[in-house]
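Just below is one structure, and these are the notes that go with it.
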Amino acid sequence: MNKTQLQILTFLDDEKYVSGEDIAQKLGLSRAAISKNIKALKDSYQITVSSNSRVGYRLQEKLDLIKVDELAKFFKNINYFYSVDSTSKYAIENQANFSENAIFISEFQTDGFGRFKRKWISPFGKNIYCTMLEIVELDISKLNGLSLVVGISIARVLKNINLNAKLKWPNDIYVDDKKIAGVIINVSAEINGRAKLFIGFGINVNMQYNEEISKNWTSIKLQSQRHANRTNLTIQIIKAIKEDLSTFIDKGFAHFKDDFVSLNYLKDKEFSLALADKTYNNCSYVDLANNGEILIKNSEGNYSFSSGDISILDKSIKSK
């Protein structure tokens with residue numbers, strides 16, 4: 001996003017129209033240049049702008065950017081972007097520049113991704129796209145279940161704002177059978193039993209529609225019918241993750257098992273679990289091991305997995 005586009009955003013309002021001529025005069029540009037940059041805001045950044053030849057431009061939805069000064073009251077080493085390819089990718093590729101914990105957050109991602117490199121749709125200023133770099137004194141062999149712990153942290157925060165959040169093993173958060181958030185974790189082993197954790201999470205906050213997402217999804221605004229404060233929500237979630245991460249390091253995943261059971265989205269559902277070389281169909285949930293592995297069964301037997309891609313069968317949702 002260039003400087004002109006950012007300046008234009010500061011003039012646009014969601015309640016009243018602003019004329020292109022007024023914006024052009026204030027920025028010392030032609031109306032054609034204003035029109036071209038507003039088109040770029042719509043096409044490249046998925047910012048919904050209404051245009052009227054008589055009265056000008058208006059944001060279709062309220063747009064409030066993350067307030068970095070508010071985050072800085074609680075956290076150090078905040079790296080804020082208007083646009084980045086991916087917060088996780090940036091953090092990993094630039095990890096040599098960070099010897100302490102850091103936070104990477106962006107208003108927009110050009111190449112956001114989740115597990116298995118699936119595209120994470122990231123419209124400008126609508127949701128939360130964040131990666132936390134946490135350097136911990138813990139061998140990577142003891143990190144099983146970490147994605148579940150982060151999911152539990154996020155689900156708790158969502159429950160605090162009256163959303164019935166559930167956790168779909170191993171890393172997705174659902175509300176009313178629709179995905180609202182996801183977690184992706186990358187790990188870099190250090191010497192002397194240390195590890196760099198890249199804890200990435202995406203949360204649908206004020207997004208109300210998006211034609212690029214084919215699967216069922218929802219957002220905080222869709223669920224609550226209210227515009228959510230992304231800055232406050234980001235602070236709450238990072239605080240929760242940091243607190244739960246500290247407990248996880250001290251006590252392991254077993255400490256969080258009961259929390260998972262209370263949030264378990266897979267209970268009483270039929271699903272498939274896919275690995276790289278095989279898919280297990282018509283499965284049901286049995287239990288969760290103390291290390292975060294899932295125990296499932298189907299007509300062919302009982303199984304235990306530490307990873308996998310779970311897809312819920314439609315009839316499990318429709319029969320509720």
Taking 8 Å as the Cα distance limit and 6 or more residues as the minimum spacing, I'd like the relative contact order of the chain as a percentage.
13 percent
Output wanted: per-residue J couplings in Hz (rounded whole) for the range 288-300, from phi through Karplus 6.51 cos²θ - 1.76 cosθ + 1.60, θ = phi - 60°, x for Gly and Pro.
10, 6, 5, 9, x, 5, 8, 10, 10, 8, 9, 5, 8
Final fewest-first order of GLU293, GLU70 on the 10 Å Cβ neighbour count is GLU70, GLU293
Kindly put ASP309, ASP268 in sequence by how many other C-beta atoms sit within 10 Å of each C-beta, fewest to most.
ASP268, ASP309
Mind checking the range 89-184 for chymotrypsin sites (Phe, Trp or Tyr not before Pro) that DSSP puts in a loop (not H, G, I, E or B) and that have at most 16 other Cβ atoms within 10 Å?
PHE98
Rounded if a/c under 1.5, otherwise prolate or oblate - the range 1-131, Cα gyration tensor axes:
prolate
Let me check against my output: what whole-number percent is the relative contact order of the range 41-170, with C-alpha pairs under 8 Å and at least 6 apart?
19 percent
Which of THR279, THR131, THR110 ends up with the largest GNM mean-square fluctuation for the chain, with Cα atoms connected below 10 Å?
THR279
For the range 90-150 and the range 185-261, write down the distance between their C-alpha centroids in whole Å.
10 Å
Across SER122, SER88, SER35, the residue with the highest GNM fluctuation in the chain (Cα network, 10 Å cutoff) is SER35
Would the range 83-205 count as rounded, prolate or oblate if I go by the C-alpha gyration tensor, calling it rounded below 1.5 in a/c and otherwise prolate when a/b exceeds b/c, oblate otherwise?
oblate
DSSP loop (so not H, G, I, E, B), at most 15 other Cβ within 10 Å: list which trypsin sites (Lys or Arg not before Pro) in the range 28-130 pass both filters.
ARG54, LYS62, LYS73, LYS76, ARG118
Name the most mobile residue of GLU15, GLU134, GLU100, meaning the one with the largest mean-square fluctuation, in a Gaussian network model of the chain with Cα contacts below 10 Å.
GLU15
Shape call for the range 200-257, from the Cα gyration tensor axes a ≥ b ≥ c (a/c under 1.5 means rounded, otherwise prolate when a/b beats b/c, else oblate), comes out prolate
Could I have the simple spin-label model distance between HIS227 and SER99, label points 7 Å from Cα toward Cβ, reported in nm to one decimal?
4.4 nm
Can you order the peptides 231-237, 221-227, 46-52 by their average number of other Cβ atoms within 10 Å per residue, highest first?
231-237, 46-52, 221-227
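No value in this document is a laboratory result; all are computed from the given coordinates. Keep in mind that this is a model prediction, so the values were computed, not measured. Ideal geometry is used to build each Cβ from the backbone, glycine not excepted, and the neighbour counts take in all protein chains shown.
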